[in-house]
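Chemist: What follows is a structure written as structure tokens; I'll ask about it next.
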Amino acid sequence: MKVTEVGAVMTTDVVTAAYGTPLGDVIRALGKHRVGGLPVTDEEDRVIGVVSASDLARPRPGRPSRKMPGRRGARTAGDVMAAPAVVVRARATVTEASCLMTGHGVERLPVVDDEERLVGIVTRGDLLQAVLRTDGAIERAVRRDVLGTALWLTPRALAVTVEDGVVTLTGRLERRGDVDVAVRAASRLDGVVAVVDQLSYGVDDTRPRPTAVEAEEPFAGQ
């Protein structure tokens with residue numbers, strides 16, 4: 001089933017700072033590269049924090065607003081960075097990255113590899129470009145990848161409707177486990193905002209089978 005991973009849409013040329021980078025250099029880097037924030041890394045390229053332009057633009061209490069550090073006495077990137085950093089792995093899907101951004105209220109995520117080293121950065125705009133699909137394209141993907149690939153059914157085995165990225169699945173499947181597969185698979189497709197489950201099933205194969213002792217019924221009068 002085709003889903004877009006973060007590694008396919010991230011920017012690999014990342015502007016970074018070290019813990020001891022002077023704030024003046026950080027501000028100049030943000031302006032020069034026209035980025036809204038940058039990761040702070042250690043000597044092994046592991047992300048230890050993030051400096052956001054919006055944090056640097058916050059005025060000090062009692063002083064007029066200007067682009068100066070918002071924390072009194074701050075001199076380096078390490079003094080103002082948000083830590084620990086919210087990061088995402090390159091193998092995560094764009095949907096997972098989007099949920100992570102929304103949950104933490106951030107607009108960009110440093111991307112790390114399996115060794116937790118920085119390999120890129122992804123913004124909300126990158127994710128939106130990756131998941132923008134028409135409702136018709138999403139419906140075709142559901143019929144092909146969910147019904148055909150995940151469930152081994154014909155493309156018309158279920159009723160599939162899509163409106164503004166919300167997928168509604170209607171119909172009857174043989175097993176309850178197939179319902180769970182269908183909903184999970186559809187929710188992972190690029191462009192899907194939510195899945196409405198209107199599916200029924202014939203057999204509940206998710207319930208544990210009774211043991212031999214539990215299955216035995218006592219004789220009347222015992």
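Derivation of every value follows stated rules applied to the coordinates shown; laboratory data play no part. Because the structure is predicted, anything quoted here is derived from the model rather than measured. Heads up, the Cβs are rebuilt from the backbone with ideal geometry, glycines too, and the neighbour counts pull from every protein chain shown.
Chemist: Roughly speaking, what is the stretch gain from residue 152 to residue 124, that is 0.36 nm per residue apart minus the C-alpha to C-alpha distance, in nm to one decimal?
Modeler: Numbers: separation 28, 0.36 × 28 = 10.08 nm, distance 3.43 nm.
Result: 6.7 nm gained on full extension.
Chemist: Please list, in chain and number order, the residues 5+ apart from residue 92 or on another chain whose amide H is under 5 Å from its amide H, with Hs placed from the backbone.
Modeler: 6, 7
Chemist: When the Karplus curve 6.51 cos²θ - 1.76 cosθ + 1.60 is applied with θ = phi - 60°, which whole-Hz ³J(HN,Hα) does each residue of region 24-36 get, with x for Gly and Pro?
Modeler: x, 5, 4, 5, 5, 5, 4, x, 4, 9, 6, 10, x
Chemist: OK, next. Treating the beta-carbon of each Lys and Arg as +1 and of each Asp and Glu as -1, no other charges, what is the dipole magnitude of region 135-203 about its Cα centre, to the nearest 20 debye?
Modeler: Working: 9 positive and 10 negative charges, 59 e Å.
Dipole about the Cα centre, nearest 20: 280 debye.
Chemist: Considering only 163, 116, 43, give the residue with the highest GNM mean-square fluctuation for the chain, with springs between Cα atoms whenever their separation is below 10 Å.
Modeler: Result: 43 has the largest fluctuation of those listed.
Chemist: Right, here's the next one. Ratio to report: Rg/Rh of the chain, with Cα atoms as the point set and Rh obtained by the Kirkwood method; give two decimals. Intermediate results must be reported in sequence, preceding the final value.
Modeler: Details: Rg = 24.9 Å, Rh = 20.9 Å.
Ratio of gyration radius to Kirkwood radius for the chain: 1.19.
Chemist: Report relative contact order for the chain in percent, whole number only (criteria: Cα-Cα under 8 Å, sequence separation at least 6).
Modeler: Here the relative contact order equals 17 percent.
Chemist: To continue, here is another question. Tell me, what ³J(HN,Hα) does each residue in region 174-180 have, in order and in whole Hz, if you take phi through Karplus 6.51 cos²θ - 1.76 cosθ + 1.60 with θ = phi - 60° and put x for Gly and Pro?
Modeler: Running phi through 6.51 cos²θ - 1.76 cosθ + 1.60 with θ = phi - 60° gives 5, 10, 5, x, 5, 4, 4 Hz.
Chemist: Let me ask you something else. Taking only Cα atoms and a 10 Å spring cutoff, compute GNM fluctuations for the chain and point out the largest among 208, 84, 155.
Modeler: It is 208.
Chemist: Compute from the Cα atoms of region 135-203 the Rg and the Dmax, the latter being the longest Cα-Cα distance, and quote both in angstrom.
Modeler: Considering region 135-203 through its Cα atoms, Rg and Dmax are 10.6, 32 Å.
Chemist: Would you mind checking which residues have amide H under 5 Å from residue 196's amide H? H placed 1.01 Å from N; only 5 or more apart, or other chain.
Modeler: 167, 168, 169
Chemist: Follow-up question, since we're still on this one. Using the crude model of +1 on Lys and Arg Cβ and -1 on Asp and Glu Cβ, and no other charge, please compute the dipole size for the chain relative to its Cα centre, in debye to 20.
Modeler: On the way: 30 positive and 31 negative charges, 279 e Å.
Dipole about the Cα centre, nearest 20: 1340 debye.
Chemist: Using only alpha carbon positions, build the gyration tensor of region 6-130, then give the equivalent ellipsoid semi-axes as the square roots of 5 times its eigenvalues, largest first, whole angstrom. If you can, show how the numbers build up before the last one.
Modeler: Numbers: eigenvalues 131, 50, 30 Å².
Output for region 6-130: semi-axes of 26, 16, 12 Å.
Chemist: Take every Cα pair under 8 Å in region 98-153 that's 6+ residues apart, average their separations, divide by the length, and report that relative contact order as a whole percent. Each step should come with its number before you reach the end.
Modeler: On the way: 30 pairs, mean separation 11.9, N = 56.
So the answer I get is 21 percent.
Chemist: Right, next: List the relative contact order of region 6-130 as a percent without decimals, with contacts defined as Cα pairs under 8 Å and 6+ residues apart. The partial results should precede the final answer.
Modeler: Working: 225 pairs, mean separation 37.1, N = 125.
30 percent.
Chemist: Can you pull out the trypsin sites (Lys or Arg not before Pro) in region 109-171 whose DSSP state is coil and whose Cβ has at most 11 other Cβ atoms within 10 Å? Before the final figure, lay out each step's value.
Modeler: Values: sites: 117, 124, 133, 140, 143, 144, 156; in loops: 133, 156.
Answer by residue number: 156.
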